[in-house]
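Let me begin by presenting the structure, written as structure tokens, before commenting on it.
Every number in this text was worked out from the coordinates using simple rules, so none of it is lab data. Since this is a predicted model, take the numbers as computed values, not measurements. Virtual Cβ from ideal backbone geometry, glycine too; neighbours counted across all protein chains shown.
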Amino acid sequence: MSEQLSSIADSLTTLTNTLTTLVSANASSTTSWSQMALEIGGITKALSKGSHSSLSNPTNPFSQVLDLNTSNGIKGWQHGVQLPPSMENMDVKVGPTGRKQLRALGDHLRHNGYHSVLNIPTSGTGLPASAPGQTAGGQEIPAVNLSDHVNLATDMQNLTRENTLKFAGFIHGGLQDGLAVPSKRVQKTLDLTISGNDGLVSNMKQQLRIRCDMLMTILQQVTNQASLNSLLAQKDLFTWTKETDGTEFYCGLTVLWLIFELIEPKTVIDARDVEKIIEETTLVKDCDGDVRTYFSTVKKARDELHSRYGTDRMNDQRFTEILFKNLNTVEQEHFKRFVSTNYTNWLSDDTFDLNRFMAAVDKIYTGLVTSNEWTTSAPEDPKVIALTTANKTMQKKLAKLTSTTTSAGSTNGAGNLKDGKEMAGPQGSPGWSVEKWRTIKKGDSIKRPDGTQHFWCDKHYSGKGLYMKPNVSDPPGHDHAKWESMREKQREKAAKRKKDNDDNSVSSNTPTAVKKAKLVVNRGNGKKTKFQKKVEVLVTQQGLSHAKALETVAAIYSDGAPSDSDDDSCGSSN
């Protein structure tokens, strides 16, 4: 309080002296108006200085507000990124050997103006209050919902990566962007001229941004270049784009966290553990044949391995070898042929591009999944052929069982079972071709246990409504008009194919089972269906006649002949 009174007294003394000068000048009429204006400016400056001194209580030059539009602000920035002589030759390396140097750097940052950016909040929304806060002396300060701060340099074991990414999102986000990990890392423009608490919070974020940039400059001076390069595998976490001009920059706070994460004991992972993830993860067993999941798992492990231990661990040669080993376990015809061709190219071509190959594999996998042709086992599985006779017998027994239980369907629903599935109605009724769950509305859309989404349409099933698969051409959703148009086209193509294809024509003397099978194999809209493939396998590998092969397929798929009932696909050939 005495210091404040002294400052005010000095200001009043300056004011008195200036007024005395003005009175004297007016009496002599020798002072120019411009000189008087300058002296009046001195009064304003003196009052301003007195007011500032009464509110600000700096204890060191490092915590001062930096205005980079002024020469003093630029000098403060330059001074803040200078290191003491004892740290000028520091070369922090990622790994246990860099721990001592990193902790020394943390101590330097804590005591030289970086406390505000190192003190990471772990709770709160990050949104500004409606009114500013106040110090005991009456000074207005920014009020924002942030709490439970943890210092990165001293207590990083109590922080998570998410804590750091959320704080970075707060710092670089707009005024109303709270404490959250952003979906896109774009640094929003702040209005530093607005009044009230919003203006105080905006200026607070601006000062944190300046400290982040200064921090990155220091890290570039003290961190081993190879170590910095190893972090580039995770650059998506710390690369931001300025909203104003699209300039990219690195967030120093996030980079510092990643360095701590790699060096501090709690995050040091044995390299062999990471290598095992790549070596032991299987495409078929562990990833259920999902190529994208497999690629994501092994690539993430490899990136982590390189960032921690360098690119010598799990080099391209070893990584590619493991990929081919897993991809070759898939028996899908087209996929296997593609992988085999590229494996040969890899063995003989030094310019083999791994990233391009992985992108091509992903593209082929996506296409096969979309066309319902993806499988990890061979289409001509010998077990299917070997059990053809047994399947035929079982199908006949099941048909007899279904026939005898139809009468009970009205009371207990047992007569509505087909291939173990509960149908909407007994055999011979329209409901026999529709699973019961599709007729019971539980919402506009539902998700089945296999992950497929179905949409309710009131126009199916004689106007009672039915769950349908989404449109193939423009999912999600079900467009009834498109469905009807596609079904009509399929019928026209099937009729034309039946007429023009002598090999697949059905005469009056053709056995009923073969008729049904021919109708089944002709549903492909010009594309080879799974039924046609099975017929081909029986003919080429088992020596059956074409008619016998058709009859065998019909026995396995006794419900094979398509009807005019509601298929749940929309715009699909199957």
Full-extension gain in nm, residue 115 to residue 288, via 0.36 nm per residue minus C-alpha separation: 57.5 nm
Would you work out the relative contact order for segment 65-174, in percent, from Cα pairs under 8 angstrom that are 6 or more residues apart? 20
Given H placed 1.01 Å from N in the peptide plane, which residues other than close sequence neighbours of residue 150 have an amide H under 5 Å from its amide H? 120, 122
Find, to one decimal place in angstroms, the Kirkwood hydrodynamic radius of segment 306-357, where the mean of 1/r is taken over every pair of different Cα atoms and then inverted. 12.1
Just subtract the alpha-carbon distance of residue 487 and residue 75 from 0.36 nm times their residue separation and send over the number in nm, one decimal. 140.8 nm
For peptides 483-489, 217-223, sequence by mean Cβ density within 10 Å, most packed first: 217-223, 483-489
What number in nm² do you get for segment 172-234 if you take the convex hull of its Cα atoms and divide its surface by four? 5.3
Could you give P(r) for segment 117-244, binned at 10 Å from zero, as whole percent values over all Cα-Cα pairs? 12, 39, 36, 11, 2, 0
For the residue 82, residue 462 Cβ pair and Förster radius 56 Å, calculated FRET efficiency rounded to 0.05 is 0.10
Rounded to the nearest 0.05, what FRET efficiency do residue 134 and residue 186 have when you use their Cβ-Cβ distance and R0 = 30 Å? 0.35
Highest to lowest packing among 332-341, 200-209, scored as the average C-beta count within 10 Å: 200-209, 332-341
Quickly work out the residue 154-to-residue 273 label distance, labels modelled 7 Å from Cα along the C-beta direction, and quote it in nm with one decimal. 2.9
Express in nm, to one decimal, how much length is gained between residue 371 and residue 243 on full extension, taking 0.36 nm for each residue of separation and deducting their alpha carbon distance. 42.0 nm
Normalised by the number of residues in segment 138-278, what is the relative contact order in percent for Cα pairs under 8 Å and 6+ residues apart? 23
